[in-house]
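Encoded as structure tokens, the structure appears first; notes follow it.
The values are calculated or read from the model by the stated rules, or taken from the named source; none is laboratory data. From a predicted model like this one, the values you see are computed outputs, not experimental measurements. Cβ sites come from the backbone with ideal geometry, for glycine too, and all protein chains shown count toward neighbours.
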């Protein structure tokens, strides 16, 4: 079971002077249970690709399948299957807090489950659970207006609104854009927790390589609507030239460790690809000790 | 969904009409519309039709796009034609219920419709070949003599520029909000009218909030750049008349003179 894209191409405003091809023959398979990051420069087609996975845009050519069901349906029967497949995907847009509209946080999170036709008792359970997932206290926040919250909290409410739908695939467009470092860390932490607890497949778009490096276990680098690189973060980011060609930078941590390695600190190739600051610090300490030991021995 | 709407109809290009000064285009359009209403003999219509056709070819805008701008007018055209057909006294050629259809009505209806079509085509040619920004610049320039009697020409133009500037942004924003709510199971297409109206709330509320936020940001940004109205303000892109413009002015004047002379004879 997976998200599969076969030879997907998409053009905005075809047949006008504003015509722009956003995707060119994308072939991609996103395995269930993985955390996949789509990285790329502005205009590389990341968000367009995401909207295809959410079934909001349909390809001009090729097909998008969720668990084997084609999202672009034609017959009535196919439509039902496509709708069911679409509902497995929870889509969180960029600046998701801009979509909040209800008077209370409870009502806003309940919007989705109600649209899916759930009974009111189930809706309440879903809201409760979703708020716990995004670390908002149910009793303290349920009746507050979402517009009185801070930006980071509003983003979490919006995220809860999608989590309440119990998506098997959570798809996020720039989930940390515009958040302060603490808000960013917290949000990434929530995504990681969700993945660990529910096994939800996560697909997210980012042009922040730190985010990608921190949580993804598969990276897809897009450039001009085509896949440039794909693989494990350490392998992908090790290809410095290609990363630069895609208009991206290597993660800070990797750059730091590579620079240290170039300066003569004995770090192995694997060690330059560690993903958390704590691991990096440990690797540096070990390497320096080793080096110190050697110098002393001489 | 909404991404198929072309904004302000501007069709980028570099044709003769695109290069004409926007002030010239507005004045010439105005003169031609006046001519269209003043001179209503078949020969005059022929001249105006040929002229419009020439402009259409000169603009290099695809014929299809141009004729597409007539689409909203079909019903009005049909209605106008029928009214004229049925209500003009003259030589009757058929009788329908209480209406007598006359040859005069047929001709009259045809010419009135032709007039409307030409009117619309000429005006769309202006918006197709002139970017909204140039259009507002030209309006400001043409209105500026009226500043003396208290018409806030600059402010009007600025308001128009801002409004036009935000049309695509808001369309994009609406599109995004609609998609976000759709992703949460909202349905804007099916259901009864009441249900569908209720479903608009999740779009309108975020949209209003976003509009006010943007307005606020814009006001702040303008004040931070010391904007204080049109007094002493210069423009980055000055409008200049080119030889082409004088030719257009001359040509229009000549055409009007000839038509007027023929009319008086």
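Could you list, in sequence order, all residues of the stretch B:151-199 that are within 12 Å of chain A (Cβ to nearest Cβ), over 21 Å from residue A:55 (Cβ atoms) and either in contact with a strand residue (DSSP E or B) (Cβ under 7 Å, 6 or more places away or on another chain) or surrounded by fewer than 13 Cβ atoms within 10 Å (Cβ to Cβ) (or both)? Result: B:195, B:198. Candidates in the stretch A:117-139 are the residues that are touching a residue at least 12 places away in the same chain (Cβ under 8 Å) and surrounded by fewer than 16 Cβ atoms within 10 Å (Cβ to Cβ); of these, the one that is farthest from the other protein chains (Cβ to nearest Cβ) is A:135. Of the set (1) at pLDDT 85 or above; (2) under 30 Å from residue B:22 (Cβ atoms); (3) more than 14 Å from every other protein chain (Cβ to nearest Cβ), all apply to residue B:220 but (2). For residue B:148, state whether it is without any contact (Cβ under 8 Å) to a residue 12 or more places away in the chain, assigned to a helix (DSSP H, G or I) and either touching a strand residue (DSSP E or B) at 6+ places or on another chain (Cβ under 9 Å) or away from every other protein chain (no Cβ under 14 Å) (or both). Criteria met by residue B:148.
Entry remark, the stretch A:91-109: residues being surrounded by 22 or more Cβ atoms within 10 Å (Cβ to Cβ) and within 22 Å of residue B:190 (Cβ to Cβ) number 2 in total. For residue A:204, the conditions (1) touching a residue at least 40 places away in the same chain (Cβ under 8 Å); (2) farther than 22 Å from residue A:280 by Cα; (3) not in a strand (DSSP E or B) are fulfilled apart from (3).
Restricting the search to helices (runs of 4 or more DSSP H) fully inside the stretch B:1-88 and requiring at least 3 residues that are touching a residue at least 24 places away in the same chain (Cβ under 8 Å) gives B:16-19, B:22-38, B:42-59, B:74-87. Mind listing whichever residues of the stretch A:6-39 are at positive phi and at pLDDT 90 or above? Within the stretch A:6-39, A:7, A:25, A:33 meet the criteria. Keeping to the stretch A:229-264, report how many residues are under 20 Å from residue A:45 (Cα atoms) and assigned to a helix (DSSP H, G or I). Looking only at that region, the number is 7. One residue alone among A:55, A:90 is within 26 Å of residue A:232 (Cβ to Cβ) and within 12 Å of chain B (Cβ to nearest Cβ), and that residue is A:90.
Any residue at all in the stretch A:74-85 that's at pLDDT 90 or above and in contact with a strand residue (DSSP E or B) (Cβ under 8 Å, 6 or more places away or on another chain)? No - not one qualifying residue is present in the stretch A:74-85.
With the condition kept exactly as written, say whether any residue in the stretch A:197-208 is surrounded by fewer than 19 Cβ atoms within 10 Å (Cβ to Cβ), more than 25 Å from residue A:49 (Cα to Cα) and assigned by TED's automatic domain parsing to the domain that holds residue A:24. Yes, because at least one residue in the stretch A:197-208 is surrounded by fewer than 19 Cβ atoms within 10 Å (Cβ to Cβ), more than 25 Å from residue A:49 (Cα to Cα) and assigned by TED's automatic domain parsing to the domain that holds residue A:24. Being surrounded by 18 or more Cβ atoms within 10 Å (Cβ to Cβ) and over 26 Å from residue B:189 (Cβ atoms) holds for only one residue in A:146, A:167, and it is A:146.
Within the set A:88, A:76, A:46, the sole residue that is more than 14 Å from residue A:165 (Cβ to Cβ) and touching a residue at least 24 places away in the same chain (Cβ under 8 Å) turns out to be A:46.
On the stretch given as the stretch A:43-81, residues that are closer than 26 Å to residue A:226 by Cβ and out of contact with any helix residue (DSSP H, G or I) (no Cβ under 9 Å at 6 or more places or on another chain) total 14.
Residue selection: residue A:82 satisfies the criterion of being buried (at least 20 other Cβ atoms within 10 Å of the Cβ) and away from chain B (no Cβ under 13 Å). The set of residues from the stretch B:200-253 being loosely packed, with under 12 Cβ neighbours inside 10 Å, under 30 Å from residue B:174 (Cβ atoms) and in contact (Cβ under 8 Å) with a residue 40 or more places away in the chain is empty.
Residues are listed down the side, and each one gets a yes or a no for (1) closer than 27 Å to residue B:246 by Cβ; (2) more than 14 Å from chain A (Cβ to nearest Cβ); (3) surrounded by fewer than 17 Cβ atoms within 10 Å (Cβ to Cβ):
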position	(1), (2), (3)
B:12	yes, no, yes
B:17	yes, yes, no
B:23	yes, yes, no
B:48	yes, yes, no
B:52	yes, yes, no
B:59	yes, no, no
B:71	no, yes, yes
B:85	no, yes, no
B:90	no, yes, yes
